[in-house]
């Protein structure tokens, strides 16, 4: 257990390593593998975005579905503009 | 590393692979009974038994021993998902090489309902995309993007392996398929389609390994285990698929070890059983076993120098998870002993087995020879 470290990530932003579309879910779902702080996580991608490898994405939702399976949802990361 | 004691495969047998749901215990016994029936090997010779299965049935190996009428010094069950079978063979080989055993029976058996690898629920980093087809499709996309591999090249793997399985009476799928049928089959996870995927099924296989001295006594036609390589890097997908590498690093490392131990090179291999759970994994295996250069796996499918998956592979035979690695070794041993029947590759002298689990987080490579 010596290598296990807990980290709090303020902004869950990562890079999209690869993506594709699954047709064996309840509906076709875009999904991808995202590297966040050195950890790869597979999650669904918002259907409205056009994904590209290397794109910055933000985790917008995560949790446990009723069947006990974890889920992660990502959307394109857009940096907020500062107040003028 | 080198093998301290020579270890031989002295007999092997495999059951018919099916979609039926037989008893895991009866299925486990079938190929072993066939060996005892058809060879001069007496069951009292066996002093170690390993049963490779993902079945959670407690005490499987001892129950199987009782059913077979074997009283070994040691019996155990082994589970490492799709990579169970070859690890069981390697473990039995280690016992013999170390002098703990003279004659080991390795059984691989699986029934559809206990094939836990259908979903990898323990890996939380995969989220809801926890079916093997999901990681395979991500690898396939990356391979296509970086190396220009095409869906047609992947489909050719399925066509080739189903052509081979059409000659194998034990295979789940006995019908040939066309390139168009693969390309037009149902999309599962882009670009992987139904016919790009192996089918998890029921099946069993058994291999008997022996020390040099015992092999001399029990057979005139031994096949020697020349080299073994094994590597495990992690269990979860969280550490795989970096942006720099589209390959199975565990397979690469296991292959290096196996080639070194056997003092063989990739070009020495005449016949190979590769882990074609999906068409893309066979293409990646060509590269990771150094049979071709990185990125050229797609073009390697049609090469004719080396016979790959002559029994039909996982795509043609089916994929009974815990049995697969044992069945692969059984096939290569049969090939090198010249008893592979309709799938026999003429003149083969050196063979290779590649078996892996869970997105290539662990791999085994064995080199066998006459």
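The values are calculated or read from the model by the stated rules, or taken from the named source; none is laboratory data. Note that the structure is predicted; figures quoted are calculated from it, not measured. Positions of Cβ are backbone-derived with ideal geometry, glycine not excepted, and every protein chain shown enters the neighbour counts.
Only one of the numbered conditions (1) more than 13 Å from residue B:103 (Cβ to Cβ); (2) touching a strand residue (DSSP E or B) at 6+ places or on another chain (Cβ under 8 Å); (3) without any contact (Cβ under 8 Å) to a residue 60 or more places away in the chain is not met by residue B:25, and that is (2). Of the residues in region B:234-246, not one is surrounded by 18 or more Cβ atoms within 10 Å (Cβ to Cβ) and either farther than 28 Å from residue A:53 by Cβ or modelled with pLDDT of 95 or more (or both).
Could you tell me which residue of region B:173-194 is farthest from residue B:150 (Cα to Cα), considering only residues that are more than 14 Å from chain A (Cβ to nearest Cβ) and in contact with a helix residue (DSSP H, G or I) (Cβ under 6 Å, 6 or more places away or on another chain)? Ranking the candidates gives B:173 first.
Could we say that residue A:60 is more than 11 Å from chain B (Cβ to nearest Cβ), out of contact with any helix residue (DSSP H, G or I) (no Cβ under 7 Å at 6 or more places or on another chain) and outside any strand (DSSP E or B) here? Show your work before the answer.
Values: more than 11 Å from chain B (Cβ to nearest Cβ): yes; out of contact with any helix residue (DSSP H, G or I) (no Cβ under 7 Å at 6 or more places or on another chain): yes; outside any strand (DSSP E or B): no.
The answer is no for residue A:60.
Does residue B:215 meet the test of being assigned to a helix (DSSP H, G or I), at pLDDT 95 or above and more than 14 Å from chain A (Cβ to nearest Cβ)? Judged against the criteria, residue B:215 is a match.
I'd like to know if region A:4-14 contains one or more residues that are out of contact with any helix residue (DSSP H, G or I) (no Cβ under 7 Å at 6 or more places or on another chain) and under 24 Å from residue B:133 (Cβ atoms). Within region A:4-14 (the criterion being out of contact with any helix residue (DSSP H, G or I) (no Cβ under 7 Å at 6 or more places or on another chain) and under 24 Å from residue B:133 (Cβ atoms)), the answer is yes, since at least one residue qualifies.
Which one of these is in contact (Cβ under 8 Å) with a residue 24 or more places away in the chain, within 14 Å of chain A (Cβ to nearest Cβ) and closer than 30 Å to residue B:141 by Cα: B:278, B:248? Talk me through it step by step, then tell me what you get.
Working: B:248 fails: within 14 Å of chain A (Cβ to nearest Cβ).
On inspection, the qualifying residue turns out to be B:278.
For region B:136-158, how many residues meet the condition of being over 16 Å from residue B:281 (Cβ atoms), more than 14 Å from every other protein chain (Cβ to nearest Cβ) and part of a helix (DSSP H, G or I)? Residues in region B:136-158 being over 16 Å from residue B:281 (Cβ atoms), more than 14 Å from every other protein chain (Cβ to nearest Cβ) and part of a helix (DSSP H, G or I): 1 in total.
Just so you know, in region B:159-172 the residues that are touching a strand residue (DSSP E or B) at 6+ places or on another chain (Cβ under 9 Å) and in a helix (DSSP H, G or I) include one that is nearest to the other protein chains (Cβ to nearest Cβ), and it is B:161. The set of residues in region B:56-73 that are touching a strand residue (DSSP E or B) at 6+ places or on another chain (Cβ under 7 Å) and under 28 Å from residue B:235 (Cα atoms) comprises B:60, B:61.
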